[in-house]
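All of the numbers you see were taken from the coordinates with simple rules; none came from a lab. All of these numbers come straight from a predicted model, not from anything done at the bench. Here the Cβ positions follow ideal geometry from the backbone for every residue, glycine too, while neighbour counts run over all protein chains shown.
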Amino acid sequence: MVDFSPTEEEQAIIDQVRKFAQTELRQKLRDYEKNGSVAENTLRKYHEMGLSTIDIPQEYGGMGLGMRTAALVQEELSFGDVGAAMALSGPGFAGYAILALGSENQKKRFLEPFSQPGAYAKFGSLCIYEEKMDSDMSAMETTAKKENNYYILNGKKFMIHYGGTADIHVVFAVIDRSKGMDGIGAFVIEKGVPGIKITRKLELLGLNTCSITEIALENVKVPSENLLNGTPLKKGMQGMYERIRVIHAARAVGLGKAALDYAVEYSKVREAFGKPIGQHQGLSFMLADMATEVDAARWLVWKAAWHLDQGEPASLAVSMSFVQANEMAMTVANNAVQILGGHGYIQDHPVEKWMRDAKTMGLVIGTTQGQNQRIFNDIAGIYTDVS
Amino acid sequence: MINFELSEAQKNIKQMVHFFAESQIRPIAMEADKTGEVPRDFLKMVAKMGISMGPSPKEAGGEGEGVGETKDRKGVSQVHRITIVAAEEIAWGDAGIVLSFPGPGLGEPPVRIMGTPDQQKRFFGILTKDDEPHWGAFALTEPGAGSDVAAIAATAKKDGNHYIINGAKQFITNGARADWNVVFATIDKKLGRAGHRAFVIEKGTPGFRVGKIEEKMGLRASETAELVFEDCKVHKDNLLGGEEYYEKKAGFKGAMGTFDASRPMVAAMATGIARAAYEYSLNWVKENYPLSRPIPKYQTIKDIFATMARKIEAARLLTWKAAYMLDMKQPNAKEASMAKAYAAQIAMETCINAIQVMGGHGCLNDHPVEKWFRDIKVFDIFEGTGQVQRIVISRRLMEISGESAA
């Protein structure tokens, strides 16, 4: 039966997360943006609430709460501030790669440490993208060469979240180019292994609260048992990307909600021509459209996450939610700045930051165009390779 | 006769300004954005060369120094058309830097339109007294009065030969560094617009101080200041137009009249930024996209570029029309608002899409597109928000003569 209400358990988590997002993220967002990181104390609280591994199954130490709950949590965190939400600790998208591709033993080995008490400042980093690669995996240049019980990795990775500072890096590299996708492997590089260098800390339009870097791998020696080998890459990657995109879309929804909410509150108190600006038709229609866009994106995201939890094919729903949420976030944040006028353009208010974050979000994990292509392929029944 | 070809004078200016923008402005733009400062040497050079953001007071028909009136072949002044052609080119270079150009800036039109010949000579003279850069500025917006200009709360109280000004102005471009600010205040709020007065308040006037300098999303090379007036004593000689002026007309009209000229200029600048983003991203895509890309992806990108090109062209023509009417001395409020609302909106859209087609690279500050994205947003806000422009347009369409909108 169709139902849009979160369970009691979920609601309790949402309430808790909302409070955390308000006091720990929203109120400190400018400081966190300036520092390029969130405070240790914030990470500690986040970890102690169990949020850093909320979507990791219990057998690997997490809370095992599934994608719907994870999406709700990310939405609330991003309602606080999306940049800060993305800078929080945990295995993150690298965890999804391990869950999707790793063996039982690997999942336990690499994921369990993240849920240990005191592991509040542990980060995972997923390293797929390269400067010349776009979303085309066949253009990957990073190589892994087998030598006895090791692989030697060489290459460069671009736009890497926590690249070079994470506790584990999951690096995709070409083992055998002649085999296409089947010739690509995903390697877990643990902290302390020499050869990973930050070649550049990237300065972006938005999302400057998280550390996003370019890294070089120079003869990085990875033991063979760190090559994820539970599920073939081609088969496992689809599920990995679906989870990543839903989480990313949920964050975009949180951002959109935050910008909308801020603009609505402002339009209630700011007066022009003798009444609150929200009561002028031009602005009230704009706000109404924004609210509709936010909700549409929100339900698409919830539905996609729900499909994933049901174990059903979710590719179409995921792509739709990704495109809708990212485009909505850009439009809504743009309009929120517009509604605040000159005040929206200065850093006394967060909307200019969210507008920069929104545009950046739409690009750090593949483009909406790429996902539109997938949507078309799905509705037209055309098979596509993963990416 | 309908004609879309630039005149010789317009072509020459366009070429000259483009060269200047490309060789002098572009190279310093990213750094100036980062530091929030335009190199002093550059500003000195601009002051020395006499380049300003708009037409010089003399060219626009006022008193003061200038290169003289330029007429088109029908003998009509083409100064506004030349101005917008130049504004597009120079903003193509960098808008943050352009707004920092020495000169009267947005303070020029009110001084020229409302000021007596003596006042014009005096205030424009201050700006050209030596080779150093000098600024004038326009202070209308207040913390509580933006689009609703009539709601300004700064007060002016007559006191013998002086006026005592109290209040605060916000978001004033070049307000802190300016030698003088044109400050709007009311002698009696109950009078509405008839109570508005425009004063030229010079730097160093007792009771006038600069508040905070704003941290902005974009245009970070440009100075945006808060101005505070606490029992600021201004001589009545600094009341623009003199006291008699306000018996005939509302001071507010003076403020509004300046928009007819400034809005096409803002539109032209927005068009320039849009064009910059469009050209940059197009070149990037040409250089970086291998021909092996699947056709459907290409189609999306082709569609994006075709749309950008079409909208930029439309914005430019709306802008030209508004400036043409200004030269012809025809009322152009509707056309000026159309140009401003449309150009600012499509320029934002163009910058969003320019980043989009460059993928992740577009967000990196290795490329200027992310900067233009930040810069352009405010073009739909300052000089009347897009929403206010729509009020102006629709009022003219429906021939509503009400004065409540800017």
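Relative to the longest principal axis of the Cα atoms of chain B, helix B:117-127 runs at roughly 50 degrees.
Compared with the dominant principal axis of the Cα atoms in chain A, helix A:368-380 is inclined by about 80°. Mind grabbing the base-10 log of I(q)/I(0) for the range A:243-327 at q = 0.25 Å⁻¹? Debye formula, identical points on the C-alpha positions, no solvent, two decimal places. Values returned for q = 0.25 Å⁻¹ are -1.06.
Highest-first packing order for the peptide set B:381-388, A:80-87 is A:80-87, B:381-388, based on the mean count of other beta carbon atoms within 10 Å.
Computing Rg and the Kirkwood Rh from the Cα coordinates of the range A:233-380 gives a ratio, Rg/Rh, of 1.07. Rg and Dmax, both from the Cα atoms of the range A:102-141 and both in Å, are 15.0, 41.
Computed over the Cα atoms of chain B, pair by distinct pair, the Kirkwood hydrodynamic radius stands at 21.8 angstrom.
Helix-only arithmetic for chain B: the sum of -39500 (n - 2.57) across DSSP H runs with n ≥ 4, divided by the residue total, places the mean residue ellipticity at 222 nm at -15500 deg cm²/dmol. 3J(HN,Hα) along the range B:4-10, derived from phi through the Karplus expression 6.51 cos²θ - 1.76 cosθ + 1.60 where θ = phi - 60°, amounts to 10, 8, 5, 6, 4, 4, 5 Hz, with x in place of Gly and Pro. Report note on the peptides B:358-365, B:271-278: ranked by the mean count of other C-beta atoms within 10 Å, highest first, their order is B:271-278, B:358-365. Computed from backbone phi with θ = phi - 60° and the Karplus coefficients 6.51, -1.76 and 1.60, the 3J(HN,Hα) list for the range B:332-347 is 10, 4, 5, 5, 5, 5, 4, 4, 5, 5, 5, 4, 5, 5, 6, 5 Hz; x is used for glycine and proline.
In terms of packing, defined here as the mean over residues of other Cβ atoms within 10 angstrom, the peptides A:61-72, A:239-250, B:211-222, B:30-41 line up highest first as A:239-250, A:61-72, B:211-222, B:30-41. When the charge dipole of the range A:123-226 is built from unit charges on Cβ atoms (+1 for Lys and Arg, -1 for Asp and Glu) and taken about the Cα centre, the candidate among A:Y129, A:A216, A:I168 whose Cα reaches farthest toward its positive end is A:A216. Here the Debye sum runs over all C-alpha atoms of chain A as equal scatterers in vacuum, and log10 of I(q)/I(0) at q = 0.12, 0.14 Å⁻¹ comes out as -0.91, -1.23.
For the residues of A:202-214, the average number of beta carbons from a partner chain within 10 Å of their own beta carbon is 3. Ellipticity at 222 nm from helices only: DSSP H runs of n ≥ 4 in chain A, each -39500 (n - 2.57), divided by the residue count, give -16000 deg cm²/dmol. Taking a ≥ b ≥ c as the square roots of the eigenvalues of the alpha carbon gyration tensor, the range A:1-70 is oblate, as a/c is not under 1.5 and a/b does not beat b/c. Peptide B:209-218 shows a mean partner chain C-beta count of 3 within 10 Å per residue C-beta. Going from the fewest other Cβ atoms within 10 Å to the most, the residues A:R177, B:R374 appear in the order A:R177, B:R374. A crude spin-label estimate for the pair A:F376 and B:S394, with each label 7 Å from Cα along the Cβ direction, gives 3.7 nm.
The largest-to-smallest principal axis extents of the Cα set in the range B:111-243 are 39, 35, 27 Å. Roughly what angle does helix B:251-288 make with the longest principal axis of chain B, taking Cα atoms, 0 to 90 degrees, to the nearest 10? With rounding to tens, the tilt is 20 degrees. In this structure, the amide hydrogen of A:Y129, modeled 1.01 Å from its nitrogen in the peptide plane, lies closer than 5 angstrom to those of A:F158, counting only residues at least 5 positions away or on a different chain. Computed over the protein assembly as shown, the convex hull of the alpha-carbon atoms projects to a mean area of 36.1 nm². The phi-based Karplus calculation (6.51 cos²θ - 1.76 cosθ + 1.60; θ = phi - 60°) puts the 3J(HN,Hα) values of the range A:67-82 at 6, 5, 5, 4, 5, 4, 5, 5, 4, 5, 4, 6, 5, x, 6, 5 Hz, whole numbers, x for Gly and Pro. Legend: mean number of C-beta atoms from other chains within 10 angstrom of residue C-beta atoms, peptide A:368-375, equals 3.
For the range A:123-226, the alpha-carbon coordinates run over 41, 30, 18 Å along the three principal axes, in decreasing order.
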